[in-house]
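The values are calculated or read from the model by the stated rules, or taken from the named source; none is laboratory data. None of these values were measured; they are calculated from a predicted model. Don't worry about glycine lacking a Cβ; one is built from the backbone with ideal geometry, like all the others, and counts go over all protein chains shown. Ligands, DNA and RNA are excluded from the accessible area calculation, which covers all protein heavy atoms including side chains. Shrake-Rupley method; radii C 1.70, N 1.55, O 1.52, S 1.80 Å.
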Amino acid sequence: MADRSFVTSDDTSVFVRELDRSYPLIARGEGVWLYDEAGNAYLDAVSGGAMVTSLGHGAVPSILDAVVEQTKAISFLYNVHATSPAQEKLARELIDIAPQGFTHAHFVSGGTEANELALRMARSYHVERGQANRHLVVSPAQAYHGASIATFGLTGRPGLQAPYEPYIQQQPHIPPSTWLFDPSGEAALRALDDILAQVGDQVAAFLIEPVSAASLPGYSPPEAFWRGLEERRREHGFLIWFDEVVTGLGRTGTWFAADQMPLTPDIITTAKGLGAGFFPVGAMLVSRHVYEAVASGSRSFEPGHTWDGAPLSCAVGSAVLAHLKRTGLIDSVRERGPRLLENLRAALDGCELVREVRGRGFLLGVSYVDPVDGASLLDPALAVARRIDNEALRRLLLVYSTQPTNDGFAGDQTLLAPAFVATDSDLDALVDRFAATVKTVESQVKAQMVGAAR
Ligand SMILES: Cc1ncc(COP(=O)(O)O)c(C=O)c1O
């Protein structure tokens, strides 16, 4: 293998995210493969690292054409002053594929913006209807909704919030109904009931990732939780808001993960797969009654961001949608997801470090536990998540692992979210490299634990 190219904080003018990390210098990509300047091929198991490039890396001719044609016609226009055929078209197309009852779309550039917007929407909905006391958004604590100050408040993860605490408006959280805390979903509902009993008249919305991404990869609450949530919405009048920034546009095998859930939300936010890495574009979708609150109230929903609904971003969104429809890629994710999950489970069978392998479509997660008792979370000092990512990288595999959280709601975990265009042999290679990675880390961890116990 040729020498690999890496960049460290000592030899870059980029203000990198982690100064003690080496970053592979990736020059180009094709499908699920990333190539560094020395010609090494990395298998990208996380769609560009952030579950974005669902159509794979490299040019899609119809999307390139759409960029060129839209740029020639008009690339930018501020949606305060005018709309464009591109914006009108993408809004109609998204409403067509959204769950029943959704009627309007508002565009943004990414997931954080979509969630900031939805936060204002949830509040505005109640203010417009004369319930100005409603301002709280309840959500499971173990989640990620963006990197802005308001979305840090929605996230509820102390580690993420800590440095910015003085700025953050804290929102109420419930524990996640995972195998560790609440496999039945009943404890989460009780926690929600406690919040509703105390401040129910102030709750504007309940926010949740229907299938979680990085913070609890591939996890979805049990059926009983969804049913109970629906009952409480009816009783208490809050909105249900799905963060589908990752799951939207086919990642779990249907247009939206909402299509697989036993209830329909009132608001959906989506982003990553909509631009699929070709252009930053996101959207907030609302159901008729949410729109009607504004339409029959102040008739204004201000302010917005400069790039909201720009013709170029909307044209890319439409071209991505058209490509997904033409190629049947979402059906392929739905059909091949279970085999990927099965193969991953089989390959990790017998690994004492692995507690759970879960997920839907091409959004999968692996959670790790202490190999001695098979149940408790690992000591953060063992840095299992970091070891997995490093060992995978050594094996030319890109995965995304997260460290244990301070509140104990999640231990070390890995997210796998390959591009929809991954071939069966790409997926087999992914499973092989990943299983070999986990086995190597497992033996290192066991050796270290035995050494420490002596
Ligand atoms: C579930 C979820 N919501 C929101 C976001 C924020 O999106 P963005 O990074 O595009 O602002 C992310 C990003 O990873 C996410 O995973």
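If 186, 18 are ordered by their accessible area, calculated over protein heavy atoms with a 1.4 Å probe, which sequence runs from highest to lowest?
186, 18
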Of the listed pairs 89/272; 272/446; 272/439, those with alpha carbons more than 30 Å apart are 272/446; 272/439
For every other residue with a beta carbon closer than 11 angstrom to the beta carbon of residue 36, add +1 if it is Lys or Arg and -1 if Asp or Glu, then tell me the sum. 0
Among bridges DSSP assigns within the range 61-327, what percent are antiparallel (round to 5)? 45 percent
Please report the net charge: other residues with Cβ closer than 13 Å to the Cβ of residue 255, K and R +1, D and E -1. -2
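Local charge sum around residue 107 (other residues, Cβ-Cβ under 10 Å, Lys/Arg +1, Asp/Glu -1)? Intermediate results must be reported in sequence, preceding the final value.
Working: positive: none; negative: 113, 308.
Residues near residue 107 contribute -2 overall.
Let me know the charge dipole size of the chain about its Cα centre in debye, to the nearest 20, where only the beta-carbon of Lys, Arg (+1) and Asp, Glu (-1) is charged. Before the final figure, lay out each step's value.
Values: 38 positive and 53 negative charges, 87 e Å.
The calculated dipole for the chain is roughly 420 debye.
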For the full complex of protein chains and a 1.4 angstrom probe, list 449, 284 by accessible area with the highest value first. 449, 284
With every protein chain kept in the model, how would you rank 106, 145, 135 by accessible area, 1.4 Å probe, largest at the top? 135, 106, 145
Can you tell me how the range 46-92 classifies by the Cα gyration tensor, rounded, prolate or oblate, using a/c under 1.5 as the rounded cut? prolate
The range 190-207-the range 95-144 distance, computed between alpha-carbon centres (Å): 17 Å
In Å², nearest 10: area of residue 351 left accessible to a 1.4 Å probe: 10 Å²
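Please work out the average accessible area per residue across the range 288-364, using the 1.4 Å probe convention, and give it in Å². Let's see the in-between values first.
Numbers: 3550 Å² over 77 residues.
That works out to 46 Å² for each residue.
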Any chance you could look up the accessible area of residue 23 with a 1.4 Å probe, heavy atoms only, rounded to 10 Å²? 60 Å²
Pairwise centroid distance, computed over Cα atoms, of the range 421-446 with the range 330-361, Å: 12 Å
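Assuming a ≥ b ≥ c are the square roots of the Cα gyration tensor eigenvalues, decide whether the range 61-327 counts as rounded (a/c under 1.5), prolate (otherwise, with a/b larger than b/c) or oblate. All intermediate terms of the calculation are to be shown ahead of the outcome.
Working: a/c = 1.79, a/b = 1.51, b/c = 1.19.
Taking the square roots of the gyration eigenvalues as a ≥ b ≥ c, the range 61-327 is prolate.
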Spin-label model distance (nm) - residue 64 vs residue 345, 7 Å beyond Cα toward Cβ: 4.2 nm
How much accessible surface does residue 96 have with a 1.4 Å probe, in Å² rounded to 10? 130 Å²
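In percent, how large is the relative contact order of the chain, given Cα pairs closer than 8 Å and 6 or more residues apart?
Working: 905 pairs, mean separation 92.5, N = 454.
Once normalised by length, the contact order is 20 percent.
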Prolate/oblate/rounded label for the chain (Cα gyration tensor, a/c 1.5): oblate
Plugging the Cβ-Cβ distance of residue 78 and residue 443 into 1/(1 + (r/R0)^6) at R0 = 56 Å yields, to the nearest 0.05, a FRET efficiency of 0.45
Theoretical ellipticity at 222 nm over the chain - DSSP helices of four or more residues, -39500 (n - 2.57) apiece, nearest 500: -12000 deg cm²/dmol
Counting only protein heavy atoms with a 1.4 Å probe and every protein chain in place, the carbon and sulfur fraction of the accessible surface of the chain in whole percent equals 52 percent
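Given the chain, what percent of its DSSP beta bridges are antiparallel, to the nearest 5? Provide the component values of the computation, followed by the final result.
On the way: 33 of 48 bridges.
Counting DSSP beta bridges with both partners in the chain, the antiparallel share is about 70 percent.
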